[in-house]
1. May I ask you to derive the FRET efficiency for residue 44 and residue 76 from their Cβ-Cβ distance with R0 = 41 Å, giving the value to the nearest 0.05?
2. May I ask you to sort 72, 19, 58 by Cβ crowding, counting other Cβ atoms within 10 Å and putting the fewest first?
3. Taking a temperature of 25 °C and a viscosity of 0.890 mPa s, what whole-number D in µm²/s does Stokes-Einstein yield for the chain with Rh from Kirkwood over alpha carbon pairs?
4. Normalising by the residue count of the chain, find the relative contact order in percent from Cα pairs under 8 Å and 6+ residues apart.
5. Angle check, please: helix 25-45 long axis (alpha carbons) against the longest principal axis of the chain (alpha carbons), in degrees 0 to 90, nearest 10.
6. Relative to the longest principal axis of the chain, what angle (0 to 90°, nearest 10) does the C-alpha long axis of helix 2-21 take?
């Protein structure tokens, strides 16, 4: 069981580093969502289910959806500006 926790922590570090390195916003958002889901599993291992549910709902759920909507709107704004020029 301890090996699973080590693997999850290593995955979190890899996610954090890859978000910092990547230049694509969509890829960064997907990695951030994976990070939040793994973090909620870690909260379960720490036996803190209230934080795990909050992290899964807010971190991976609501925040990711809001980021996706923002990316779509920004892309549409950029397309509109390109047509005006």
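What follows draws every value from the coordinates through simple rules; no lab data is involved. Worth saying up front: this structure is predicted, and the values here are computed from it rather than measured. Neighbour counts are summed over all protein chains in view; Cβ atoms, including those assigned to glycine, are modelled from backbone coordinates with ideal geometry.
1. 0.60
2. On the way: 72 10, 19 16, 58 13.
If I rank by nearby Cβ atoms, fewest first, I get 72, 58, 19.
3. Answer, rounded: 171 µm²/s.
4. Contact order relative to length: 25 percent.
5. 20 degrees
6. The helix 2-21 is inclined about 20 degrees to the chain.
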